[in-house]
Amino acid sequence: MTEEEPDWQTVKSELLEGVLKRGAMVARVGDPDLLADVAPGQRPSDLLPQVKSMIVLGGSAPRVGEWNSPRAEVLETVGTSDRMAAIGSALARQIEERLGYYAMNVPTSTDQDDKPFLDFTAAAVAAGAGSPSLAGPVLHPEHGFVYLTVILTSLPLPFDGPIEQPACPAPSCVEMYDQRGVTPCTDVCNIDDGGCLGGQIQDGLVIGRRYDANRCRDRVYHYWVPGYQAVLEKVLSEPDVERRKMMLYGSYFTRTMWSITYSNVSQGQCFECMRVCPVGAENRMLK
Ligand code: SF4
Ligand code: SF4
């Protein structure tokens, strides 16, 4: 007697309903084959050869109070991506232990040469968890910026597929670009004025996006591993004992150590481009 094939749509609905109850705001399934063209080593099958579907979860955005704090440092230090990773790990365990299929919550840390293990943007776009933005992060049309986690599995779940209408540029950004030649994100971090972002909008689409990754990274991660390495290099070449002490016990190095040992402290992005983005802005306002 052959084993009856499960109703994969029902399996999918139960799994996704579970993660939505646990706190994810977005839960979609994508076809891993849509990532066939990404860099070798960052494709789903490079991580899990048995992969048949990718579950992409999004959520855990900063709280509304944090978005609205006049102190930029508040947003910089409230990275909450680990909450999504915890939900992803629980889902992977559920798939393996209850259903008997392979599942991997892709590490959100970086691999060799500081590269991600997976092209998270491509995975999110393939599943329809959002669309790429001029500012960089994937934006969900309703929720805007969300942290992402991706679970690769050998479960053959039905795919949701990419969204039809990209979230970026928002209609108000197109209007602003037509009037001033900038959008909220390129205005606040303009690549031609010491910032990191630039690009044009033509026929409602972003074209010729410009992004200074090194400058952005410097601002985003300046208290994390690169900050630690930069101070260490300076300390090792500093001959003056007192100056060496000042460098090691000063606030910059202390915060750097906090950010490494407590992981998410001071390693969120600087967020200024997202703070001004109109996508999901209504969720960042309360009374
Ligand atoms: S995260 Fe900050 S530095 Fe990077 S592009 Fe956005 S506003 Fe600019
Ligand atoms: S502000 Fe947001 S929606 Fe507007 S162009 Fe920038 S990333 Fe896109």
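Please go through segment 207-220 and pick out each residue that is assigned to a helix (DSSP H, G or I), of a type outside the set (A, V, I, L, M) and open to solvent by 40 Å² or more (accessible area, probe 1.4 Å).
The answer is Asn214, Arg215, Arg217, Asp218, Arg219.
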In segment 28-60, anything acidic (Asp, Glu) and open to solvent by less than 40 Å² (accessible area, probe 1.4 Å) is listed as Asp31
The residue that is most open to solvent (accessible area, probe 1.4 Å), considering only those in segment 191-206 that are within 12 Å of ligand 2 (Cβ to nearest atom) and in a strand (DSSP E or B), is Leu205
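So, Ala129, is that one outside any strand (DSSP E or B), surrounded by 23 or more Cβ atoms within 10 Å (Cβ to Cβ) and away from ligand 1 (no atom under 16 Å from the Cβ) or not?
yes
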Selection over segment 61-71 where residues are open to solvent by 20 Å² or more (accessible area, probe 1.4 Å) and within 15 Å of His143 (Cα to Cα) yields a count of 2
Of the conditions (1) more than 19 Å from Val138 (Cα to Cα); (2) assigned by TED's automatic domain parsing to the domain that holds Ala123, the single one that Gly58 does not satisfy is (1)
For segment 107-125 the number of residues that are of a type outside the set (A, V, I, L, M, F, W, C), in a helix (DSSP H, G or I) and within 22 Å of Val146 (Cβ to Cβ) is 1
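Restricting the search to segment 141-167, which residues are open to solvent by 30 Å² or more (accessible area, probe 1.4 Å) and outside any loop (DSSP other than H, G, I, E, B)?
Tyr147, Leu148, listed by residue number.
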Residue hits (segment 78-106; modelled with pLDDT under 95 and either in a helix (DSSP H, G or I) or in contact with a helix residue (DSSP H, G or I) (Cβ under 8 Å, 6 or more places away or on another chain) (or both)) are Val78, Ser81, Asp82, Arg83, Met84, Ala85, Ala86
- Task: Would you check if Gly227 is modelled with pLDDT of 95 or more and at negative phi?
- Result: no
Among residues of segment 162-195 being touching a residue at least 60 places away in the same chain (Cβ under 8 Å) and within 13 Å of ligand 1 (Cβ to nearest atom), the residue nearest to the chain's Cα centre (by Cα) is Cys185
Filter result for Pro132 (outside the structural domain of Pro49 (by TED's automatic domain parsing) and either within 14 Å of ligand 2 (Cβ to nearest atom) or touching a helix residue (DSSP H, G or I) at 6+ places or on another chain (Cβ under 7 Å) (or both)): no
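The values are calculated or read from the model by the stated rules, or taken from the named source; none is laboratory data. Quantities reported herein were computed from a predicted structural model and do not represent experimental measurements. Virtual Cβ from ideal backbone geometry, glycine too; neighbours counted across all protein chains shown. Remember, those area values only see protein heavy atoms, side chains included, never the ligands or the DNA or RNA. Shrake-Rupley method; radii C 1.70, N 1.55, O 1.52, S 1.80 Å.
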